[in-house]
Amino acid sequence: MTSNYTVTVLGLGAMGLPMATRLASQLTVHGFDIAEPRLELAREAGIATFGTAREAAKGADAVLLAVRNGEQLNDVLFGENGVASVLEPGAVVILGSTVGTDAIPATVAKLAEYGVDLVDAPLSGGPKRAGEGDLLIVVGASPEAREKAAPALDLLASTLTVVGDNPGDGQALKTVNQLLCGVHIAAAAEALALADALGLDQAKTLAALEAGAAGSFMLSNRGPRILEAYDEEGAEVLSRLDIFVKDMGIVGKATRAAGLAAPVAAAAEQLYLLGQAQGLAAADDSAVIKVVAPAKRTN
């Protein structure tokens, strides 16, 4: 990997900026975001920023996208100011977002008209791990496209799993992953709400649960933030609650299409939807405990 490889990061938010910073440690990185404060932070990190996404993407070997859904994916690539038309044949678009499988076939077909491949590479791990190159990335792409994307993906991932040779394979596995993550967060919130209702010290309860068979990554990761949900400022927002509204919606759509009953996932989805309806959309997803128990018990 050399600095001759240029990767453009479109979206310098909570995940995009630490990924761009990590990539800039060894590669040439171009960045763009619609928010000037994020551009300023990127410049302070030594990342070259541009006035438009098209300017940032021109001449890039790879474009890394962190978009919210299939509609945003289509707009960024093919909309009025879409970047696909300025990419050189042989470039790759790396989709790091969870958008579901539906948007993938049309995206692949449209990119092919420009001689550009899609690398379906949804990632997870959070901002801290993004900056450390410690992400979990699942990839669906042709061997040739994977090779072109390797300089970027290898820097970002500590665990990179090739799911298959077709874009959409990564989205499929990430959908399964999000089913478990969404359920685990909701279950952790319910468990700690119950501990409080029973008069237990939540911090001691969390420590005990982590040490036993009930432990999980999500319990350890979200547990401390769940305990901060009732603080005046709430927990630091590292993963917005409405992201799981989106992701559990993708899970529900996938299970219905497969004719598969998923009652536990459906119940978790309803908790996130209730949280969104109660004004918690922009709060950290750990705030889902406030749906289960709107107020913390006072001893």
Got a sec? Which of GLY13, GLY46, GLY31 is part of a loop (DSSP other than H, G, I, E, B) and either buried (at least 18 other Cβ atoms within 10 Å of the Cβ) or within 22 Å of the chain's Cα centre (by Cα) (or both)? GLY13
Out of LYS290, LYS204, LYS253, LYS296, which single residue is of a type outside the set (A, V, I, L, M, F, W, C) and closer than 23 Å to ALA103 by Cα? LYS253
Which residue is nearest to GLY131 (Cα to Cα), if the candidates are limited to the range 19-28 and must be of a type in the set (S, T, N, Q) and outside any strand (DSSP E or B)? THR21
Cβ pairs under 6 Å, 6+ apart, first in the range 258-281 and in the same structural domain as LYS246 (by the TED database), second of a type in the set (Asp, Glu): GLN276/ASP242; ALA281/ASP242
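The rows are residues; the columns are (1) in contact with a helix residue (DSSP H, G or I) (Cβ under 6 Å, 6 or more places away or on another chain); (2) not β-branched (Val, Ile, Thr).
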| residue | (1), (2) |
| --- | --- |
| THR6 | no, no |
| LEU10 | yes, yes |
| GLY16 | no, yes |
| LEU23 | yes, yes |
| HIS30 | yes, yes |
| ARG38 | no, yes |
| ARG43 | no, yes |
| THR49 | yes, no |
Kindly evaluate ALA157 against the criterion of being out of contact with any Ser or Thr (no Cβ under 6 Å at 6 or more places or on another chain), surrounded by fewer than 18 Cβ atoms within 10 Å (Cβ to Cβ) and modelled with pLDDT of 95 or more. no
When the residues of the range 87-97 are narrowed to those that are at pLDDT 95 or above and surrounded by 19 or more Cβ atoms within 10 Å (Cβ to Cβ), which ends up farthest from the chain's Cα centre (by Cα)? LEU87
Any hit, the range 167-181, residues being modelled with pLDDT of 95 or more, open to solvent by 20 Å² or more (accessible area, probe 1.4 Å), closer than 21 Å to LEU87 by Cα and in contact with a strand residue (DSSP E or B) (Cβ under 8 Å, 6 or more places away or on another chain): yes
Considering only the range 125-154, how many residues are surrounded by fewer than 19 Cβ atoms within 10 Å (Cβ to Cβ) and among the small types (Gly, Ala, Ser)? 4
In the range 255-293, what residues are over 23 Å from GLY223 (Cα atoms), in a loop (DSSP other than H, G, I, E, B) and either among the basic types (Lys, Arg) or open to solvent by less than 60 Å² (accessible area, probe 1.4 Å) (or both)? ALA262
Hey, can you tell me all the residues within the range 208-254 that are open to solvent by less than 60 Å² (accessible area, probe 1.4 Å), more than 16 Å from ILE289 (Cα to Cα) and free of Cβ contacts under 8 Å to residues at least 40 places away in the same chain? LEU209, GLY212, GLY215, SER216, GLY249, GLY252
Could you count how many residues in the range 194-205 are part of a helix (DSSP H, G or I) and open to solvent by 10 Å² or more (accessible area, probe 1.4 Å)? 7
Select the strands (runs of 3 or more DSSP E) contained entirely in the range 51-135, then report the ones holding at least 2 residues which are of a type in the set (Gly, Ala, Ser) and either in contact with a Gly (Cβ under 9 Å, 6 or more places away or on another chain) or not assigned by the TED database to the domain that holds CYS181 (or both). none
What pairs come out if I take residues in the range 116-133 that are within 16 Å of PHE217 (Cβ to Cβ) and pair them with residues that are assigned to a strand (DSSP E or B) whose C-beta lies under 7 Å away, six or more apart or interchain? LEU123/LEU135; LEU123/LEU136; LEU123/ILE137; SER124/LEU135; SER124/LEU136; GLY125/LEU135; GLY125/LEU136; ARG129/LEU135
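The values are calculated or read from the model by the stated rules, or taken from the named source; none is laboratory data. Since this is a predicted model, take the numbers as computed values, not measurements. FYI the Cβ positions are ideal-geometry reconstructions off the backbone, even for glycines, and counts take in every protein chain you see. Remember, those area values only see protein heavy atoms, side chains included, never the ligands or the DNA or RNA. Shrake-Rupley method; radii C 1.70, N 1.55, O 1.52, S 1.80 Å.
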